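Take a look at the structure set out below.
The values are calculated or read from the model by the stated rules, or taken from the named source; none is laboratory data. All figures in this text were calculated on a predicted structure; none of them were measured in a lab. Glycine gets a Cβ as well: all are built from the backbone with ideal geometry, and neighbour counts include every protein chain shown.
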Amino acid sequence: MNAQNVDALSAYFLAEVSDVKETHTLSIIVDNEPGVLARVIGLFSGRGYNIDSLSVAETEHEKHLSRITIVTTGTPQIIEQIRHQLDRIVPVHRVRDLSVEAHRKGHEKPLERELALIKVRGIGEKRLEALRLSEAFRAVVIDATTEHFVFELTGRTRKIDQFIEILKPLGLVEASRTGVAALGRGPSAMRD
């Protein structure tokens, strides 16, 4: 028997390991109490995992529960390890990998949106071009003077990245972003 067949028959056979990094969106329901966010973030920093996006807010006032949405990148094994470690933190009620669930349902990604406020300085032709682009991206002007605009844009992270990139040569001053808010697709709630 060759080594490959022996491994396949072994009681210690492990699933294939992948080195390909993937981006996953994790949704975590936690008690809304001091220190919980620090414990969740500490798990990432303590193990050298990066957080690409983070958003958190109380979502069920009567039950004092908050939803933390984290976008992170790693191999499938690392993502699974993160999920299991998050599950073990005491004030964590539920952890769902929304990316895995979306793939199971035949979708590329879960429902994800981000909000950005983008300030652009410009006059003349650059000002007009910024306004034309804002219409194409469905950005809303929420503040304006004769020298600047502040746009509000909601959408997928990639859409916001593209809008910011296009505005750079037109006078981009600064941008503020909320981080990704996400929900799983389908009729069931996270607590189900």
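Counting only residues that are part of a helix (DSSP H, G or I) and either touching a strand residue (DSSP E or B) at 6+ places or on another chain (Cβ under 6 Å) or among the hydroxyl-bearing types (Ser, Thr, Tyr) (or both), the stretch 82-120 holds 5 of them. Can you tell me which residue in the stretch 106-137 is surrounded by the most Cβ atoms within 10 Å (Cβ to Cβ), limited to those that are in contact with a Gly (Cβ under 6 Å, 6 or more places away or on another chain) and farther than 30 Å from GLU22 by Cβ? Among them, the one singled out is VAL120. Assess whether SER99 counts as being free of Cβ contacts under 8 Å to residues at least 40 places away in the same chain and polar (S, T, N, Q). In short, no.
Out of curiosity, is LYS159 within 21 Å of SER53 (Cβ to Cβ), in contact (Cβ under 8 Å) with a residue 12 or more places away in the chain and touching a His at 6+ places or on another chain (Cβ under 8 Å)? Show your work before the answer.
Working: within 21 Å of SER53 (Cβ to Cβ): yes; in contact (Cβ under 8 Å) with a residue 12 or more places away in the chain: yes; touching a His at 6+ places or on another chain (Cβ under 8 Å): no.
Criteria not met by LYS159.
Of the strands (runs of 3 or more DSSP E) contained entirely in the stretch 125-192, those carrying at least 3 residues that are under 27 Å from THR59 (Cβ atoms) fall at 148-155, 172-177, 181-183.
Suppose we keep only residues that are surrounded by 17 or more Cβ atoms within 10 Å (Cβ to Cβ) and either hydrophobic (A, V, I, L, M, F, W, C) or under 13 Å from GLY122 (Cβ atoms) (or both) within the stretch 138-163. Which one would you say is nearest to the chain's Cα centre (by Cα)? Within the stretch 138-163, the match that is nearest to the chain's Cα centre (by Cα) is ILE160. Selection within the stretch 164-192: residues that are among the hydrophobic types (A, V, I, L, M, F, W, C) and over 18 Å from the mean Cα position of the chain (by Cα). The member of this set that is surrounded by the most Cβ atoms within 10 Å (Cβ to Cβ) is LEU167.
With the structure loaded, tell me whether VAL95 is surrounded by 14 or more Cβ atoms within 10 Å (Cβ to Cβ) and not small (Gly, Ala, Ser) or whether it fails that test. Yes; evaluated as a whole, the condition is true for this residue. Exactly one residue among ARG39, ARG67 is part of a helix (DSSP H, G or I) and either in contact (Cβ under 8 Å) with a residue 60 or more places away in the chain or not assigned by TED's automatic domain parsing to the domain that holds ARG177 (or both), and that residue is ARG39. Within the set GLU16, GLU22, the sole residue that is modelled with pLDDT under 95, farther than 26 Å from ARG113 by Cβ and acidic (Asp, Glu) turns out to be GLU16. The requirement of being modelled with pLDDT under 95, farther than 20 Å from GLY186 by Cα, under 14 Å from the mean Cα position of the chain (by Cα) and of a type in the set (Val, Ile, Thr) is fulfilled nowhere in the stretch 83-105; no residue meets it.
When you check GLU129 against the structure, is it in contact (Cβ under 8 Å) with a residue 40 or more places away in the chain and closer than 17 Å to GLY171 by Cα, yes or no? Taking the combined requirement at face value, the residue satisfies it.
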